[in-house]
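Everything below concerns the one structure shown next.
Taken together, the values in this text are just the output of simple stated rules run on the coordinates, not laboratory data. Since this is a predicted model, take the numbers as computed values, not measurements. Please note: Cβ atoms are built from the backbone with ideal geometry, for glycine as well, and neighbour counts cover all protein chains shown.
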Amino acid sequence: MNVPGILALQGGFAAHEKILKEMGYSPILVKNEKDLETIDRLILPGGESTVMIRLLNESKLKGSLIQRVREGMPLFGTCAGLILLSLELIGLGLEPLGLMDIKVKRNAYGRQIDSFETSLSWRGMTLPALFIRAPQICEYGPKVEVLISHKGVPVLVRQGKMLAASFHPELNKSTVLHRYFMEF
């Protein structure tokens, strides 16, 4: 079917929408359970993770989203989206979705002023990567595959049909990771 959705409660969903449209897809902006029913895969964008968690709870999307992923729906989380996917958020009393066996620390690379861009190597390609108040994967379970590390720290991981990036692949011209996700 390949009908991608992008969680559009808050955050950088427009950049993901633009990339998917450039790739020839017609993404659905997911704001409620009805929208969630129309897609076969979902992107959790960057944004303010604490606000996103609160809005997911208020919209009643959380339970439906968890159920869809457990039934096999592919999921791609970038930056705050990675935080949402995590099993545990270190240092905060917030409860993420608990879908991917990773423990995450928010804003681990510092404040906005500490944001940086770098190049990452994957599958023989160079990927530009923008880290903006990025989370860090501190621990991961045995079912989590580390696809890319930066300075010894995992920054792109996969567990089954879930993909998570500490950085913002949607904020550069590369479609490599979005294409990879659309193949799940």
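Across the stretch 12-25, rounded Karplus estimates of 3J(HN,Hα) from the backbone phi angles (6.51 cos²θ - 1.76 cosθ + 1.60, θ = phi - 60°) give x, 5, 5, 5, 5, 4, 4, 4, 4, 5, 4, 7, x, 9 Hz, Gly and Pro being marked x.
The Cα atoms of the stretch 42-107 cover 30, 24, 18 Å along the three principal axes, with the biggest extent listed first.
Of the trypsin sites (Lys or Arg not before Pro) found in the stretch 34-99, those that fall in a DSSP loop while having at most 15 other beta-carbon atoms within 10 Å are K60.
Could you work out [θ]222 nm for the chain from helices alone, using -39500 (n - 2.57) per DSSP H run of at least four and dividing by all its residues? Round to the nearest 500 deg cm²/dmol. Walk me through the numbers on the way to the answer.
Values: 6 runs with 49 residues, N = 184.
When only DSSP H runs of four or more count, the value is -7000 deg cm²/dmol.
What does DSSP give for the chain in terms of the percent of beta bridges that are antiparallel, rounded to the nearest 5?
Working: 20 of 37 bridges.
Expressed as a percentage, antiparallel bridges in the chain total about 55.
Going by C-beta contacts inside 10 Å, put L171, L92 in order with the fewest on the left. Present the calculation step by step, with values, prior to reporting the outcome.
Values: L171 19, L92 15.
The most exposed by this proxy come first: L92, L171.
Counted over all Cα-Cα pairs of the stretch 10-89, pairs farther apart than 17 Å make up 44 percent. This ranking places V157, V3, V176, V69 by how few other beta-carbon atoms lie within 10 Å of each, fewest first, which gives V3, V176, V69, V157. Applying the Karplus relation 6.51 cos²θ - 1.76 cosθ + 1.60 with θ = phi - 60° to the stretch 65-81 yields 3J(HN,Hα) values of 5, 4, 4, 4, 5, 5, 7, x, 5, x, 9, 10, x, 10, 6, 4, x Hz, where x marks Gly and Pro.
Please sort by residue number the trypsin sites (Lys or Arg not before Pro) in the stretch 108-184 whose DSSP state is loop and whose Cβ has at most 16 other Cβ atoms within 10 Å. Qualifying residues, ordered by number: R111, R123, K143, K151, K161, K173.
Between the stretch 12-42 and the stretch 122-184, what's the alpha-carbon centroid distance in Å? Taking the Cα centre of each part, the stretch 12-42 and the stretch 122-184 sit 19 Å apart. Kirkwood analysis of the stretch 4-183, using all unique Cα-Cα pairs, places the hydrodynamic radius at 16.0 Å.
For the stretch 54-62, putting each phi into the Karplus relation 6.51 cos²θ - 1.76 cosθ + 1.60 with θ = phi - 60° gives couplings of 4, 5, 4, 5, 5, 7, 6, 6, 3 Hz, in residue order, rounded to whole numbers and with x for Gly and Pro.
Hey, which lysines would be in cross-link range of K105, C-alpha to C-alpha under 30 Å, not counting anything within fewer than 8 residues on its own chain? Counting by Cα, and skipping residues close in sequence, K105 has these lysines nearby: K18, K31, K60, K62, K143, K151, K161, K173. With each label modelled as a point 7 angstrom along the Cα→C-beta vector, the R123-A14 pair spans 3.0 nm.
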